[in-house]
Amino acid sequence: MQIDFAIIGGSFAGLSAALQLARARRHVLVVDAGQRRNRCVDDAGQTSHGFMSQDGRAPAAIAADGKAQLLRYPNVQWLDGLADEARIGADGQLDFRVGDMAVSAGRLILATGVRDTLPPVPGLAERWGRSVFHCPYCHGYELDAGEIGIIAAGPLAQHHAHMLPDWGRTTLFLNGAYESGDEERAALARRGTRIEATPVARIEGEADVVLADGRVLRMNGLFTQPRTAMASPVAEQLGCAMVDGPMGPFIQVGATQETSVPNVFACGDAARAAGNVALAVGDGVMAGLGAHRSTMF
């Protein structure tokens, strides 16, 4: 298949990028495997927050509406499947495969997202997206200013520990992930964050933290710092430069979401250190505009 613009990833960033190109009357192919980062949240019937006009809706519903609106444009094609075996062709085209189908595109937008790896605490992964979160702005308000726990995965937990007292009474569970110094302890005390050094044995109930000494601290919700990795090998296959972010590597992009590889753009969680639905949509707009304008300027 030969196409002007291909987008790998059909979640919030990819849909947003595709919409800009569709409205520019360009022929667009979206390749999607239906593996949104927050699909576990979709399964739990939870809601997305902080995205104007969509606050409180299920992420799956927002994405489904976006896809339906996009597919009203006759110049858009949708292909279900995983993209792989990406390379730069001798003619400068961007080639990849989706199953048995070969695709060649003049411009490529990567909206491939990331995968999360959580600290190895029993019971934590089962509650991911339900009562265990990573973004206070997305989920902090719903905890009703109650008890909030932070399961440390490393020094990045300090960031959560300074922020979360604005959302509730906060306890930082060090869990042997790192050593907190006197200066940090004093700063957190000023914020009202309590520090618990006893290791965490497991998580039970909604968000109950069972400590190694048998104590059970009941929390309204928990936050942790997942380690992220690219959800697709395509960026690496094409040779896109990466940035080593605090949560994991992400694709290096410029002002119009262009990568280090000519005619390849990237957006969404794969192309920023941390994000949310609203940021992914905004990045997608810029990637679509950038890819379109690169054909002219």
Handout entry: Filtered residue count, region 115-136, keeping only those that are touching a strand residue (DSSP E or B) at 6+ places or on another chain (Cβ under 7 Å), in a loop (DSSP other than H, G, I, E, B) and either among the polar types (S, T, N, Q) or at pLDDT 95 or above (or both)
Key = 7
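Name the one entry in G248, G192 that is assigned by TED's automatic domain parsing to the domain that holds V264, on the phi > 0 side of the Ramachandran plot and of a type in the set (G, A, S).
Working: G192 fails: assigned by TED's automatic domain parsing to the domain that holds V264.
Step by step, each of G248, G192 is checked, and only G248 is assigned by TED's automatic domain parsing to the domain that holds V264, on the phi > 0 side of the Ramachandran plot and of a type in the set (G, A, S).
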Practice task
Can you give me the number of residues within region 265-286 that are surrounded by fewer than 22 Cβ atoms within 10 Å (Cβ to Cβ) and over 18 Å from L108 (Cα atoms)?
Solution key: 5
Exercise for the section: Give the residue, chosen from A153, A212, that is surrounded by 14 or more Cβ atoms within 10 Å (Cβ to Cβ), in contact with a strand residue (DSSP E or B) (Cβ under 7 Å, 6 or more places away or on another chain) and not acidic (D, E). Expected result: A153
Exercise for the section: Determine if region 59-69 includes at least one residue that is crowded, with 19+ Cβ neighbours inside 10 Å, at pLDDT below 95 and not hydrophobic (A, V, I, L, M, F, W, C). Expected result: yes
Problem - Check on P226, over 15 Å from the mean Cα position of the chain (by Cα) and not acidic (D, E) - result: no
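The values are calculated or read from the model by the stated rules, or taken from the named source; none is laboratory data. Please read all numbers here as calculations on a predicted model, not as lab measurements. Every residue, glycine as well, gets a Cβ built from its backbone with ideal geometry; the counts of neighbours run over all protein chains shown.
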